[in-house]
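The structure under discussion appears below in the form of structure tokens.
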Amino acid sequence: MADSPRPTPPPAEAGSAVPVDPLPPAPLRPAVEPVLPADDPSAPPTPLRPAVAPSLPAGARCEQRSGGLPEGAEAGLPPWSPYAAGFGLGLVLLFALCVLGTGLDASGGLARVAAWADSLLRPERVAASPCFGEWFRAGQPQVLSSYLVFMAAGTCLGGLLSAAASRRVAPMIERGPRISVAGRLSLALFGGILAGFASQLARGCTMGQAVTGTALFFTGSAVFLGCLFAGAYAAALLVRREWR
Amino acid sequence: MNGTLYSLELLDSGIGFILAGLIGVLFGFFLEQAGFGSSRRLTGAFYFRDMAVLKVLLTAVVVALLGVRFLTAFGWLDLGQVVVLDTYWGAQIVGGLVLGIGLVVGGWCPATALVGLASAKLDALVFLVGAVFGSILFSELFPLVQPLYEGRHVAGLHLDTTLDLPPERLMVLLCGAAVLVFTVSSWLQQVIGRQPSPDPSIRRRRAAAALALLALAWLTTRLPEAPSGGTHAGVVPAWPAAFRTAPEPGLVAELAAERTHIAPLELAELLQAGTPDLLVVDIRPAAAFAQFHLPGAINVPIEDLETQATSKLPTAGRIVLVANGTPYAAQAWLALRRQGRTDVCVLTDGMLGFWRECLTPPSLTEAPPTGSATAALAQAYQARRDFFLTGAPVAAPDGARAPADPASPPPSVPREDRAP
């Protein structure tokens, strides 16, 4: 894999403990380090997947498991070339457009699961909502009986098949070397809330709105795709600590 | 091409579930093979360590873009049967920025988190829980964000219109831009991300692929028929129809089974038998209703139907919509259907049809009965006249004989249906 070469296993100190300095609860703390990513050539390259057993108590001092283990043994086979995988995704998208008449989407199914879970806890509130309530009107099919739910479930299943075939199913919490487990998980939760909200607002996520719509020449979707990368590159400066 | 499941309104049916699930499996497979079961790899692009996200997404866009163009040119895909994603400037700009932030902060986007979950990544599970909360938050805040969500809306806006470029040229430009982005991102990955440069053999292969891509893009300019605009014209259904409110399930099947209409004679029998849970809703103007209506009918003029449906119509039981003819009642049917009512049907040919079929003496119909059936039919006819015209302001003389001009309906009925 020329595009993402296996990083060499880090020398001695990478196997040592992760700094015990958990990120404060405030999720979007601006980085205090200089902004350019390549400013610290002396730092050893970090392994692609610093694995941490999920059973560890959050915030505990935890060792990276990579010590001594070759990276590949843990991560399974290397992923495909991004062009090959992108080509495959493009073909699946084309197939979906021809057969279903809609694109690929994950957020729609997720929203229905959210509405369903919410309706279990607060049925009256959800039924009265001008947004989720639409799915609970009399005469509507059950909220989960939507093709979007099946597509999301299929996505999960396809991921499992592929990951199992490539020996990449490995319980872990992925994070950079400078962030605690608790910090990473709270940021994952916060990022999830943002992503869930945004994909509802924009009527689709990365695949359902950005890629599908751009492939169909729709202006709004192309703008959405551009804004997605703009927002991501801007936010990347603020959470360098999470990943590097 | 008989149509897509979307155009046939069969997405939320058994076949739709199976196909969507299958396509989801393929989708998840390629996402995982792209390495997107790893949040570190996903976010690597934003630190120029591994530009996979950008390359994968852009490759998928270009492949689908060219594929759609060739398939439509060969007639294998009709864009009129494909979902239309409208432009909502505010929602899509803000949504894009926020989703981008969520992608880097959380390390996933919704689809990749599903794949990450399948790869047993605990942070993917936490992200998905967050995304569920985010969706609920959106529903809770909906009144607040509604102006942004629905504002600055342009239906079916295409890039070539926005940029004022011929679509053929835009296609070549987009493919050229993609090759440029691929090249620059690989370069950034080496310079800023300090990744080794790929093998010369791989670089040669990629250069060849880029040339092939540009050649294909050029070829689309030689294809017949405009790639967009023309083929999209007249497509009304928009994203909200497919995404926000569930499309009417099994609508086509229902139409085919003729459960959407009721014949005049059938309705007459049901009313005469005093069928419970059957409500005739007369959608003609109040004046016409006052002159003549079917026994037990209520009057909701069509202009009030949308607003008064919830207050005046019962929540259960079958509803029969009656106008003078069929078209207005069919429109009312659609309106009720969109409100979620399922057990609604239309009286075929309306009041005029009812008069012709039920209240015209059998001997005066187009095919008068002969033989032994005559007596039974005459008796049924008389029973109907007694039932429906008792108390009606029609000068119908009693007795075995039909009135002098029984074929002409009472003065209120023959008002022609206004053209819809």
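The values are calculated or read from the model by the stated rules, or taken from the named source; none is laboratory data. None of the values given here were measured: they were computed from a predicted structure. Note that we place each Cβ from the backbone using ideal geometry, even for glycine, and neighbour counts take in every protein chain shown. Surface accessibility is based on the protein's heavy atoms, side chains included, excluding ligands, DNA and RNA. Shrake-Rupley method; radii C 1.70, N 1.55, O 1.52, S 1.80 Å.
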Quiz item: If a residue has to be surrounded by fewer than 21 Cβ atoms within 10 Å (Cβ to Cβ) and part of a helix (DSSP H, G or I) to count, how many in the range B:133-144 make the cut?
Solution: 6
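For every residue, the table says whether it meets (1) part of a helix (DSSP H, G or I); (2) over 33 Å from the mean Cα position of the chain (by Cα).
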residue	(1), (2)
B:PRO147	yes, no
B:GLY156	no, no
B:ASP160	yes, no
B:GLU168	yes, no
B:ALA178	yes, no
B:GLN195	no, yes
B:ALA209	yes, yes
Quiz prompt | Conditions (1) closer than 30 Å to A:GLY176 by Cα; (2) under 19 Å from the mean Cα position of the chain (by Cα): number failed by B:ASP78 | solution = (1)
Quiz item: When the range B:184-212 is examined, which residues are found to be in contact (Cβ under 8 Å) with a residue 24 or more places away in the chain and among the polar types (S, T, N, Q)?
Solution: B:SER185, B:SER186, B:GLN189, B:GLN195
Practice problem: Just name the residue that is surrounded by the fewest Cβ atoms within 10 Å (Cβ to Cβ) out of those in the range B:293-337 that are touching a residue at least 40 places away in the same chain (Cβ under 8 Å) and within 14 Å of chain A (Cβ to nearest Cβ). | Solution: B:GLY317
Practice problem: Tell me, please, whether a residue that is surrounded by fewer than 24 Cβ atoms within 10 Å (Cβ to Cβ) and without any contact (Cβ under 8 Å) to a residue 60 or more places away in the chain can be found in the range B:76-92. | Solution: no
Quiz item: If you take the residues of the range B:187-222 that are hydroxyl-bearing (Ser, Thr, Tyr) and in contact with an Asp or Glu (Cβ under 7 Å, 6 or more places away or on another chain), which of them is farthest from B:PHE48 (Cα to Cα)?
Solution: B:THR221
Practice problem: Would you point out which residue out of A:ALA182, A:ALA163, A:ALA195 is at the interface with chain B (Cβ under 7 Å from one of its Cβ atoms) and over 22 Å from A:VAL92 (Cα atoms)? | Solution: A:ALA195
Quiz prompt | Members of the range B:1-52 found to be open to solvent by less than 10 Å² (accessible area, probe 1.4 Å), more than 7 Å from every other protein chain (Cβ to nearest Cβ) and on the phi > 0 side of the Ramachandran plot, listed by number | solution = none
Quiz item: If only one of B:PHE46, B:PHE36 is in the same structural domain as B:THR112 (by TED's automatic domain parsing), among the hydrophobic types (A, V, I, L, M, F, W, C), part of a loop (DSSP other than H, G, I, E, B) and closer than 30 Å to A:SER166 by Cα, which one is it?
Solution: B:PHE36
Exercise. Inspect all residues belonging to the range B:65-86 and state whether any of them is farther than 22 Å from B:HIS158 by Cβ and touching a strand residue (DSSP E or B) at 6+ places or on another chain (Cβ under 9 Å).
Key: no
Self-check item: Residues of the range B:150-171 satisfying the condition of being open to solvent by 50 Å² or more (accessible area, probe 1.4 Å), over 19 Å from B:LEU216 (Cα atoms) and more than 8 Å from chain A (Cβ to nearest Cβ)
Solution: B:GLU150, B:ARG152, B:HIS153, B:ALA155, B:LEU163, B:ASP164
Quiz item: Which helices (runs of 4 or more DSSP H) sit wholly inside the range A:78-159 and have at least 1 residues that are small (Gly, Ala, Ser) and open to solvent by less than 50 Å² (accessible area, probe 1.4 Å)?
Solution: A:82-99, A:107-121
Quiz item: So which pairs qualify, if the first residue must be in the range A:75-92 and aromatic (Phe, Trp, Tyr), the second must be buried (at least 22 other Cβ atoms within 10 Å of the Cβ), the Cβ gap must be under 7 Å, and the two must be at least 6 apart or on different chains?
Solution: A:TRP80/B:GLN33; A:TRP80/B:ALA34; A:TYR83/B:LYS55; A:TYR83/B:THR59; A:PHE87/B:THR59; A:PHE87/B:VAL63
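Quickly run through the range A:132-168 and pick out the residues that are in contact (Cβ under 8 Å) with a residue 60 or more places away in the chain and on the phi < 0 side of the Ramachandran plot.
If the condition is that a residue be in contact (Cβ under 8 Å) with a residue 60 or more places away in the chain and on the phi < 0 side of the Ramachandran plot, then A:ALA163, A:SER166, A:ARG168 are the ones that fit.
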Quiz item: For B:ALA120, are the conditions met, namely being at pLDDT 95 or above, in the same structural domain as B:ALA45 (by TED's automatic domain parsing) and of a type outside the set (S, T, N, Q)?
Solution: no
Quiz item: Any idea which of A:PHE224, A:PHE190 is farther than 24 Å from B:THR72 by Cα and open to solvent by 10 Å² or more (accessible area, probe 1.4 Å)?
Solution: A:PHE190
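The rows are residues; the columns are (1) more than 19 Å from B:ILE262 (Cα to Cα); (2) polar (S, T, N, Q).
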site	(1), (2)
B:ALA297	no, no
B:THR326	no, yes
B:LEU347	no, no
B:TRP355	no, no
B:THR365	yes, yes
Quiz item: Among the residues of the range B:293-321, which ones are closer than 18 Å to B:PHE387 by Cα and in contact with a helix residue (DSSP H, G or I) (Cβ under 8 Å, 6 or more places away or on another chain)?
Solution: B:LEU294, B:PRO295, B:GLY296, B:ALA297, B:ILE298
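Which of the residues spanning the range A:99-123 are of a type in the set (Gly, Ala, Ser), without any contact (Cβ under 8 Å) to a residue 60 or more places away in the chain and more than 25 Å from B:GLY75 (Cα to Cα)?
Within the range A:99-123, A:GLY109, A:ALA115, A:ALA117, A:SER119 qualify.
What number of residues in the range B:79-108 are within 17 Å of A:ALA215 (Cβ to Cβ) and either of a type in the set (A, V, I, L, M, F, W, C) or more than 7 Å from chain A (Cβ to nearest Cβ) (or both)?
Residues in the range B:79-108 being within 17 Å of A:ALA215 (Cβ to Cβ) and either of a type in the set (A, V, I, L, M, F, W, C) or more than 7 Å from chain A (Cβ to nearest Cβ) (or both): 6 in total.
The rows are residues; the columns are (1) in a loop (DSSP other than H, G, I, E, B); (2) closer than 19 Å to A:ALA111 by Cα; (3) more than 7 Å from chain B (Cβ to nearest Cβ).
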site	(1), (2), (3)
A:GLN200	no, yes, no
A:THR214	no, no, no
A:ALA230	no, no, no
A:ALA234	no, no, yes
A:LEU237	no, no, yes
A:GLU242	no, no, yes
Quiz item: Out of B:LEU114, B:LEU125, which single residue is at pLDDT 95 or above, open to solvent by 10 Å² or more (accessible area, probe 1.4 Å) and more than 7 Å from chain A (Cβ to nearest Cβ)?
Solution: B:LEU125
